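The values are calculated or read from the model by the stated rules, or taken from the named source; none is laboratory data. Since the structure is predicted, the reported quantities are computational estimates derived from the model, not experimental observations. Every residue, glycine among them, receives a Cβ derived from its backbone with ideal geometry; neighbour counts consider all protein chains shown.
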Amino acid sequence: MERTGLLYDAHIPYHNPLVMGTALKYLKGLDLTRLILGGDFADFYKVSSWSQDPKRKPFHEEIDIVKKELGKIRTMFPDIPIDYLEGNHEARLSFYIKQKAPSFSGLIDVESLLDLKSFDMTYISNIKRLYHHQPPYRLGKLFVTHGHELRVSATSVNLARLYYYKAHCSLIVGHHHVSECYKQKKLDLKYDGCWMIGTLGKLQEPYLPVNNWIHGFAWVEHSPKSGLFNVHNKIIMNGQVKNS
């Protein structure tokens, strides 16, 4: 069985360093074979199309802080593959270039801006995979998404159930900063499901001060041979790691 750690929605530089440190320390003790940054690791606030607070950090400072955090993670996990999954916040950069500076299209992207090659990290876009008729990233029979790829409404009562019935397969999701699980027993008595992972970012933001966000991360055991998997969904409360 391979062991993969998953970190979602850090939104650096607007992350929670203590929570990030708690998650990384826990994962360090698991003898991981792979680590996945599940999207929105960077916030890319200054290239957002939403109205912006001028007091927030300039874009170059955002990038510098993200790269420092990437360096810390690579130092902590020097010998395993690390995959950086595109989230909707990383996608802000390409949208910004298309709208504001189309002449720079193809010259600047997330991989080069964050210098991911120097950290020996692989950048993966499920949107591009789907566009080219390729399946999304997966660990065995578990598809790994950020969540924006499926366009599910955040106002739904049971998001995990909605994601499952949109995908019709087992998947793991971030994006909404909540911790949920939905399992479906099929006619062959096997189970599919959807697991939603909490955030490593702040639990309150001015645009959504009232919410049900929670800190969390996950790790997955899976068999490369059979594709069978087991999801360990964790939350962090008062500095303590607990089962979701």
Subset of the stretch 105-157 that is small (Gly, Ala, Ser) and touching a residue at least 24 places away in the same chain (Cβ under 8 Å) - its residue that is surrounded by the most Cβ atoms within 10 Å (Cβ to Cβ): 147
Checked the stretch 114-126 for anything of a type outside the set (Ser, Thr, Tyr) and under 24 Å from residue 224 (Cα atoms); matches are 120, 121, 124, 126
Consider only pairs whose beta carbons are under 8 Å apart and that are at least six residues apart or on different chains; among these, list those whose first residue lies in the stretch 1-18 and is basic (Lys, Arg) and whose second residue is crowded, with 23+ Cβ neighbours inside 10 Å. 3/220
If we only count strands (runs of 3 or more DSSP E) wholly inside the stretch 1-104, which ones have 3 or more residues that are buried (at least 22 other Cβ atoms within 10 Å of the Cβ) and at pLDDT 95 or above? 2-7, 34-37
So which residues in the stretch 118-147 are among the charged types (D, E, K, R), in contact with a strand residue (DSSP E or B) (Cβ under 9 Å, 6 or more places away or on another chain) and either at pLDDT below 95 or not in a strand (DSSP E or B) (or both)? 120, 141
When residues of the stretch 156-184 are limited to those that are touching a helix residue (DSSP H, G or I) at 6+ places or on another chain (Cβ under 7 Å) and of a type in the set (Ser, Thr, Tyr), the one nearest to residue 126 (Cα to Cα): 163
Residue in the stretch 185-202 that is surrounded by the fewest Cβ atoms within 10 Å (Cβ to Cβ), counting only those that are in contact with a helix residue (DSSP H, G or I) (Cβ under 6 Å, 6 or more places away or on another chain) and either modelled with pLDDT under 95 or within 20 Å of residue 241 (Cβ to Cβ) (or both): 196
Which residues, counting only those in the stretch 98-117, are in contact with a strand residue (DSSP E or B) (Cβ under 8 Å, 6 or more places away or on another chain) and among the β-branched types (Val, Ile, Thr)? 110
Taking residue 172 and the conditions (1) under 20 Å from residue 84 (Cβ atoms); (2) part of a strand (DSSP E or B); (3) in contact with a Gly (Cβ under 7 Å, 6 or more places away or on another chain), which numbered condition does it fall short on, given that it satisfies the others? (3)
For residue 225, all conditions in the list (1) exposed (fewer than 14 other Cβ atoms within 10 Å of the Cβ); (2) over 20 Å from residue 2 (Cβ atoms); (3) not polar (S, T, N, Q) hold save one; what is the number of the exception? (2)
